[in-house]
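Written out below as structure tokens is the structure these notes cover.
The values are calculated or read from the model by the stated rules, or taken from the named source; none is laboratory data. The structure displayed is predicted, hence computed values, not measured ones. Note that each Cβ is placed from the backbone with ideal geometry, even for glycine, and that neighbours are counted across all protein chains shown.
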Amino acid sequence: KAGVTQTPRYLIKTRGQQVTLSCSPISGHRSVSWYQQTPGQGLQFLFEYFSETQRNKGNFPGRFSGRQFSNSRSEMNVSTLELGDSALYLCASSFGTGTSYEQYFGPGTRLTVT
Amino acid sequence: GENVEQHPSTLSVQEGDSAVIKCTYSDSASNYFPWYKQELGKRPQLIIDIRSNVGEKKDQRIAVTLNKTAKHFSLHITETQPEDSAVYFCAASNASGTYKYIFGTGTRLKVLA
């Protein structure tokens, strides 16, 4: 079974621009969560989607948004990029229901804002 | 709000010794506690997890213990090897409710040969 995939793997953007990142979950997984990873802050929860609905969100500004498609693929968008948005963005997938709680990560997208 | 504290932030041990990493969570509704290992430049990998109805779980050299009353859980690695060197993250989740995973800030483990 293929693992979680993310595209692109690397991105360089300029302040003020916007960016869209993509995540394809493990087949059969309907939940996708997004995290921002920085050296000082660890893994910060952005939001979680299940069956095209956002079920939960973390404490990030409205510039960070996401969506999920009917095939469970998810995208996150960051508008009006700031230097502080430079980070590794990880997505993770899980079944999101029932009693199987394991969450598996993708390789991440390294975003650099200049 | 929900919070997970993880200690220590760095840990150096001699090869063959044991390593212990501790986490404390704040949300009493948390019922699922996974541990992830992240090697440099790689994705976090799930290495072991425990649910709130279990006090201890072991998988070869790795074990996790949970004290629900104190809201503490710990990762124990015995007979450490150089390949155990990585950053380890704990997390707490209300996996059947909010589906929100809160992560600790990580422990950098160095196993000295």
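Worth pointing out:
- Taking residues in the range B:79-93 that are over 17 Å from A:Ala92 (Cα atoms) and away from every other protein chain (no Cβ under 11 Å), and partners anywhere that are surrounded by fewer than 21 Cβ atoms within 10 Å (Cβ to Cβ) and β-branched (Val, Ile, Thr), the pairs with Cβ atoms closer than 6 Å and at least 6 places apart or on different chains are B:Thr80/B:Val13; B:Thr80/B:Val111; B:Pro82/B:Val111; B:Asp84/B:Val111; B:Ser85/B:Val111.
- Filter pass, A:Tyr35 being within 11 Å of chain B (Cβ to nearest Cβ) and either at pLDDT below 95 or part of a strand (DSSP E or B) (or both): yes
- Failed item, numbered, when A:Trp34 is tested on (1) farther than 19 Å from B:Pro34 by Cβ; (2) surrounded by 13 or more Cβ atoms within 10 Å (Cβ to Cβ): (1)
- When each of A:Glu82, A:Glu75 is tested for being charged (D, E, K, R), surrounded by fewer than 13 Cβ atoms within 10 Å (Cβ to Cβ), over 21 Å from B:Ala95 (Cβ atoms) and more than 9 Å from every other protein chain (Cβ to nearest Cβ), the lone residue that passes is A:Glu82.
- Where strands (runs of 3 or more DSSP E) fall wholly inside the range A:51-114, the ranges with 2 or more residues that are over 11 Å from the mean Cα position of the chain (by Cα) and of a type in the set (D, E, K, R) are A:53-57.
- Subset of the range B:24-39 (residues that are within 12 Å of chain A (Cβ to nearest Cβ) and either of a type in the set (Ser, Thr, Tyr) or not in a loop (DSSP other than H, G, I, E, B) (or both)): B:Ser30, B:Tyr32, B:Phe33, B:Pro34, B:Trp35, B:Tyr36, B:Lys37, B:Gln38
- Within the range B:40-77, tally of residues that are over 10 Å from the mean Cα position of the chain (by Cα), assigned to a strand (DSSP E or B) and charged (D, E, K, R): 5
- Any pair with Cβ under 6 angstrom, 6 or more apart, that starts in the range A:63-89 at a residue that is on the phi > 0 side of the Ramachandran plot and modelled with pLDDT of 95 or more and ends at one that is assigned to a helix (DSSP H, G or I) and not hydrophobic (A, V, I, L, M, F, W, C): none
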